[in-house]
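The values are calculated or read from the model by the stated rules, or taken from the named source; none is laboratory data. Just so it is clear, the model here is predicted, and its values are computed rather than measured. Counting neighbours? That spans all protein chains shown, and the Cβs are built from the backbone with ideal geometry, glycine included. To get the accessible areas, we keep the full protein, side chains included, count just its heavy atoms, and leave off ligands, DNA and RNA. Shrake-Rupley method; radii C 1.70, N 1.55, O 1.52, S 1.80 Å.
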Amino acid sequence: MLTLFGILIIGIGILTLLAKPIFKNHRLLGWFTQRKSLQIVLLGIILSIVTGTLFYAEPGTAYAVQYPWGGQKAVFRQGIHTKMWGRLIPIQFELPIKYVIPNTNGELGEQSEYANVDAAKYWAFSDAVKARIATSVVISINTEDENQFLSVADRNKTEQNLIRSRIIPNIDQSIKNTCKLMDAQDYISGQASDFDRYFKDQLENGMYVLEEYVENESREIIGDSTTVRSVVNKESKQKRFRIKRIDGEPVREQGNSLKAYGLKVVQAVVTEIDWEETFDKRLQLQKEEVAQTQLEKQQAEREFYRAQKEKARGEAEKAAERARLEKEQIQKTIAAETEAKVAEFNLVKEKKQFEVEKFKAQSKKVAADAEAYQNAKLVNAGLTPQERAEWQYKTSVGVARELKDLSLPEIFIEGGDSQNTDTNLLQSLIGAELAKKMIESNSK
């Protein structure tokens, strides 16, 4: 643009030089002298040279510079660079592309000012349910391989052409293929993440080749779907689609990949889905049914837990009663065991006392037997003259002690022979006293 501005200035300078001799009395041309006109021409030439040879590279933008003589170069750094009157093809490092569902006023929102935004289209899932699918895709260009970048820029000429002719058709094809792989009901039932995964994989690595298979085949392969379509004659034909695979790897369409253009998918997600009205009504009915089912389930669970609570309470009371009875049983058992142990202890005590008394009796008997045995031995052995004299002495002393205490009658009549009177008298008196004592002892 600055180059055109410089050429315009040169044209103005030349025009004033040519018009000055013709319109000498013109007030406006009177201000332009020959010198000023030449200065204007010189300024235009300088601006044309500067703007034609240099340009400023914006940050976040790559440039393909195509020279008039056929050469070209890539510029990935911001700042002032030379272009030598060449053509510039600017392409952003990252290209944001969005499909947005318009609001009630048909507006696409503020993001349309900063990204390549289009209104979301209607797509049909495998069960013929249609929906507008809003997506957010970010594509990154290759800034490492200069030759590949220059090839993409040369073939597409502009950034908008690259987006419209290369990227958006791939996005549409990816959405279409992914919708064939699942039912709308499957999507809302938890396969939304699979949808995003298939969508991004096809954008980055190429479109899947889909195949139709019959009903009796296995459906365990990821990427299956069932389609039931009504035809004019009221008959239904069931179709299933899956990803065609060879050696476990998906078969892809040749030459239909953003990777071939050095483009990398940074982000590819579904941001919103606007289902058709009939499906929305069906979803509402399903939500109400699910809500009713959940309510009944909660009520059933409440009754179940109430029954469990009553059962637990009964078990608790039973356990308390069992504990009380067990406590009484333990107390009685302990008392009985205590009595048994006391009786056992007393029995042991009596037994020990019996053994002690028995041992004492045996000890006395042994001692008596020993003394008798000793006396018998002494008798059998006989006494020595000294022992006999000692025994007679003790006997005499004892007899004398007894005679001392003996009370004899004061009057005694004795008849018969007077011989041995003294001896017989003494013997008679002693015998009488002993008989008296024996009678008194027996009477007591």
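Observations
- Efficiency of FRET between residue 280 and residue 80 - r from beta-carbon atoms, R0 60 angstrom, step 0.05: 0.60
- The 1.4 Å probe gives accessible areas that order 166, 302, largest first, as 302, 166.
- Distance (nanometres) between label positions extended 7 Å along Cα→Cβ at residue 331 and residue 353: 3.3
- Nearest-10 value in Å² for the accessible area of residue 345, using the 1.4 Å probe: 130
- Neighbours of residue 158, meaning other residues whose beta-carbon lies under 14 angstrom from its beta-carbon, give a summed charge of +3 when Lys and Arg score +1 and Asp and Glu score -1.
- Checking every one of the chymotrypsin sites (Phe, Trp or Tyr not before Pro) in the stretch 83-147 against DSSP loop status and a limit of 10 other Cβ atoms within 10 Å picks out 114.
- Applying a threshold of 26 Å to the alpha-carbon distances of 239/287; 358/394; 73/98; 180/200 flags 239/287; 358/394; 73/98 as lying beyond it.
- Theoretical gain in end-to-end length, residue 389 to residue 145 [0.36 nm per residue, Cα-Cα removed]: 72.5 nm
- Each of residue 288 and residue 324 was given a label point 7 Å from its Cα along the Cα-to-Cβ line. The distance between the two points is 5.6 nm.
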